[in-house]
1. Which count do you get for residues in segment 37-61 that are part of a loop (DSSP other than H, G, I, E, B) and of a type outside the set (A, V, I, L, M, F, W, C)?
2. What's the total number of residues in segment 33-83 that are of a type in the set (D, E, K, R) and in contact (Cβ under 8 Å) with a residue 24 or more places away in the chain?
3. If the requirement is being closer than 14 Å to residue 83 by Cα and in a strand (DSSP E or B), which of these qualifies: 64, 34?
4. Can residue 7 be described as modelled with pLDDT under 90 and surrounded by 15 or more Cβ atoms within 10 Å (Cβ to Cβ)?
5. Residues of segment 71-83 being modelled with pLDDT of 95 or more and either open to solvent by 60 Å² or more (accessible area, probe 1.4 Å) or of a type in the set (Val, Ile, Thr) (or both), which ones?
6. Can you name the residue in segment 45-70 that is open to solvent by less than 30 Å² (accessible area, probe 1.4 Å) and touching a Ser or Thr at 6+ places or on another chain (Cβ under 8 Å) and, of all such residues, is nearest to residue 21 (Cα to Cα)?
7. Condition first: among the aliphatic types (A, V, I, L, M), in contact with a Cys (Cβ under 7 Å, 6 or more places away or on another chain) and open to solvent by 40 Å² or more (accessible area, probe 1.4 Å). Now tell me which residues in segment 16-44 satisfy that.
Amino acid sequence: MSSTAFNLQGGSGGHVLNSGEGAQTGKTYRWIQIVEDTVFSNLAGNLTNIADLQTITHLAGTGIGGNFTAVTVASGTCIAYIQ
């Protein structure tokens, strides 16, 4: 199995995040799966115009791929999978 497939299947672990978790930094996340409609107050990573993903509602069941170095959830619940 490739390392990318391993990571996307949660092989490296992850964090369930909600508004009570605070800022998540110090790890790189490859995939964020939205479990409950989620709004991010901060996202940092390798996506161009990543700030456009902040303060909008991401619907449950969707996912976002990239290399995220900081994730802060304002509302909702998501799973951030470690790279």
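1. Qualifying residue count for the region: 6.
2. Residues that pass the stated criteria total 2.
3. None of the others qualify; the one that does is 64.
4. yes
5. Within segment 71-83, 71, 72, 73, 77, 79 meet the criteria.
6. 70
7. Once the filter is applied, which keeps residues that are among the aliphatic types (A, V, I, L, M), in contact with a Cys (Cβ under 7 Å, 6 or more places away or on another chain) and open to solvent by 40 Å² or more (accessible area, probe 1.4 Å), segment 16-44 yields only 35.
The values are calculated or read from the model by the stated rules, or taken from the named source; none is laboratory data. Bear in mind that the values here come from a model prediction, so they are computed numbers and not experimental data. Note that each Cβ is placed from the backbone with ideal geometry, even for glycine, and that neighbours are counted across all protein chains shown. Note: areas computed on protein heavy atoms with side chains; ligands, DNA, RNA excluded. Shrake-Rupley method; radii C 1.70, N 1.55, O 1.52, S 1.80 Å.
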